[in-house]
Amino acid sequence: MVGDTAPETWRTLASGLVTVRDVVRKQRRGCTRAEERVALEKVAGHPAFTGLGPADLPAHDRGRWMVARVRRRLLELETEETDSGEARTPARRAIRCWARYVDEGLSPAELYDAHPDLLPSDTPARTPLARRGRVQSLMWAGGARGDKDSLAGVLTLAAELRTALSTDLPDGSRMDATTFAYEWERLGTRMPAGRGLLQVIARLAADRPFPQAALREGGDCLPPPVDGVCAEPAALRATCAALRDRGLLVLDGDSVVMQESVRGHVADQVTPERDAHWTATVLQFLTHALRPDTHHSASWDEWRLGYPHVLAVCEAAERAQVRLGDVAYLLDRASVYAREGMEDPDLATALAERAVATSTDLGAADAELHGDCLGNLALAHHAANRVEDALAASERSLDHLAGTLGTNSVTYAESLNIHGTFLGSAGRLDAAEQAHARAVEILRNAYADEPESYVRGILVKALNDHAAMLLTSRPGDARGRDDRLRSGRALLDEASRLVGPGGYGWTQIELNTARACRAAGDLESARDHLEAVVRHCRENLPGPSTTLLDALASLAEVYEDLGDSRAKKTLREAHRVDNALADALSRPPREGRTS
């Protein structure tokens, strides 16, 4: 093995480098293609290079790749040694001799004559045999007895060449334990922050990209010196690039990727106790690095990359039993992303069940978190049209919140409002209206106490949901219909006063107001509200959305009822939006959503 410290092992590599030199020498002297092919195949088949370089290329192409890679790394090392203040030491001169020997295709005697500065001596070598012996001694080549003062140089060269032949391969880098051990030791003296950064990335999912932007966002939660590197974008880019050049990371655009072989080696550098510590550190880091609002489409690009890493770190934390509150939180956020961003309610349910199980074990340590986990489990069931399961989970959430935060708390009211939606889906409309009405009452009181607080957005949603329930048709109840229509419109007007155009909940208020107008026979007003939503989506949303789809589909119907010629064109646009959404989510086109 090239990376071993035994001189005998170095001799094997040295004979392999001679075959590389032979290729260069033949090329410089104008060999035939057949002669070059034979020389390249000799490189590829040499025992020194077993297991190194690309595995799937024909022998002559593999040999060509290896010759080019060896020459490049030798020239890089030569430049580093020349720039070093210790360039004249035997170890440094040995590396420079190997660079000249291979790159110029020289014999040892030719090297002595061409570069006498690399072989200074008070006693000149008079004969070709003496000159060859002196060069081979310094380089630990041929049968000469090696110079003990240059041994460190050739062993460094061996490790460097092994790294060069193990990384950035056409078929993927391969990092064995020997090569990694050299690189890890090297980092300790040249780039200590690189070790810490590798420990962080090793806890993430292997072979999956993780954005450097997330490292910058949450890096202040990491221990020094990693926090300092993450705080400076230029320093982070430079560190990641340096680790890539040593085969320890792969860069994919602005993301970093750690291969499984490297990940295992990094984790092996610490004790089980320190491994658990790093897992806890990275888990906490993810709670700050990734957006919490996974119900919002603006977070989905970030979570598309972060999702597999969240699962990997949470699984490790569950095994180590560390920071279980953070585990429950991240699994809960992942569940919401799976439900809303991936539109996979079954996956969302599985994640939510794990979050609930973890938050249950925490007991009263985080009452609000447990309530959130239960609520999102209910929403996952509801998204999969498992209405009774949704109601059961929602009732557990309400009971928990009533016992911990009280029935007048904002959190309880928010959950009660969602419970009303589930009751409506189950056809229990009177109970649904009562739940919505009570939620609105609690939130109105809370908002009156703190009119500039976050309660406004929750109140807007509750008013909207209560209005939507009142607008739900009830066969055989024509007399009560008009009363519910007036009450629903009043709730929507109240919500409109709390939020301006484009604000949180505004589009749903407009859609429900259009629905109320249509129910009242005011098609022109319905048209105006729907056109406002379509304009907003086109001007402010980056791509197709379910909101735009709902608005276009309803607007096409209103145009049709009004005899407006734009009906067919609008319906065609709705179909295009639905097809675009289907492509983006890899699902068949369908009408509406499951929740």
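Take 462-473, 138-149 and order them by the average number of nearby Cβ atoms within 10 Å per residue, most first; the result is 462-473, 138-149. In terms of Cα atoms, the Rg and Dmax of the range 214-342 work out to 15.0, 40 Å.
When both the range 429-484 and the range 314-388 are represented by their alpha-carbon centers, they are found 27 Å apart. Which angle between 0 and 90 degrees, to the nearest 10, do you get for helix 345-361 versus the longest principal axis of the chain when only C-alpha atoms count? So the inclination is approximately 90 degrees.
Could you sort Ser545, Ser15 by accessible area so the largest value comes first, with the probe set to 1.4 Å? All intermediate terms of the calculation are to be shown ahead of the outcome.
Working: Ser545 20, Ser15 50 Å².
Highest to lowest solvent-accessible surface, that is Ser15, Ser545.
Taking one quarter of the surface of the convex hull spanned by the alpha-carbon atoms of the range 169-255 gives a direction-averaged projected area of 5.6 nm².
The three principal axes of the C-alpha atoms in the chain carry coordinate ranges of 119, 59, 37 Å, sorted with the longest axis first.
Accessible surface for the chain, divided over its residues, is 46 Å² per residue with a 1.4 Å probe. Based on Cα contacts under 8 Å between residues 6+ apart, the chain shows a relative contact order of 7 percent.
With runs of 4+ DSSP H residues as the only contributors, calculate the mean residue ellipticity of the chain at 222 nm using -39,500 (n - 2.57) per run, divided by the residue total and rounded to the nearest 500.
Numbers: 27 runs with 419 residues, N = 595.
That calculation yields -23000 deg cm²/dmol at 222 nm.
Taking every protein chain into account, the 1.4 Å probe leaves Lys461 with about 90 Å² of accessible area, to the nearest ten. Percent of Cα pairs in the range 260-328 per distance bin of 10 Å, from zero to the largest separation: 19, 47, 27, 7, 0. Across the range 1-69, the convex hull enclosing all Cα atoms gives 73 Å³ per residue.
Leaving out ligands, DNA and RNA, what percent of the accessible area of the chain is carbon and sulfur, probe 1.4 Å? The partial results should precede the final answer.
Working: 13580 of 27420 Å².
For the chain, the apolar C and S fraction of the accessible surface comes to 50 percent.
Rounded, prolate or oblate for the range 1-147? Axes are the square roots of the Cα gyration tensor eigenvalues, ordered a ≥ b ≥ c, and the cut-off for rounded is a/c under 1.5.
Values: a/c = 1.80, a/b = 1.53, b/c = 1.18.
Here the range 1-147 falls in the prolate category.
A P(r) calculated from all alpha carbon pairs of the range 118-207, with 10 Å bins opening at zero, reads 14, 31, 25, 17, 11, 3, 0 percent. To the nearest 10 degrees, how steep is helix 192-202 against the longest Cα principal axis of the chain, on a 0 to 90 scale? Value to nearest ten degrees: 50.
Based on Cα contacts under 8 Å between residues 6+ apart, the range 368-502 shows a relative contact order of 17 percent.
Derived from the Cα gyration tensor, the three semi-axes of the equivalent ellipsoid of the range 491-550 are 19, 15, 8 Å, largest first.
The ellipsoid equivalent to the alpha-carbon distribution of the range 403-512 has semi-axes of 23, 18, 11 angstrom, derived from the gyration tensor eigenvalues as √(5λ) and listed largest first.
The values are calculated or read from the model by the stated rules, or taken from the named source; none is laboratory data. Every value quoted in this text rests on a predicted model; they were computed, and no experiment measured them. With ideal geometry, Cβ positions are generated from the backbone for all residues, glycine too; neighbour counts draw on all protein chains shown. Accessible surface areas use protein heavy atoms only, side chains included; no ligands, DNA or RNA. Shrake-Rupley method; radii C 1.70, N 1.55, O 1.52, S 1.80 Å.
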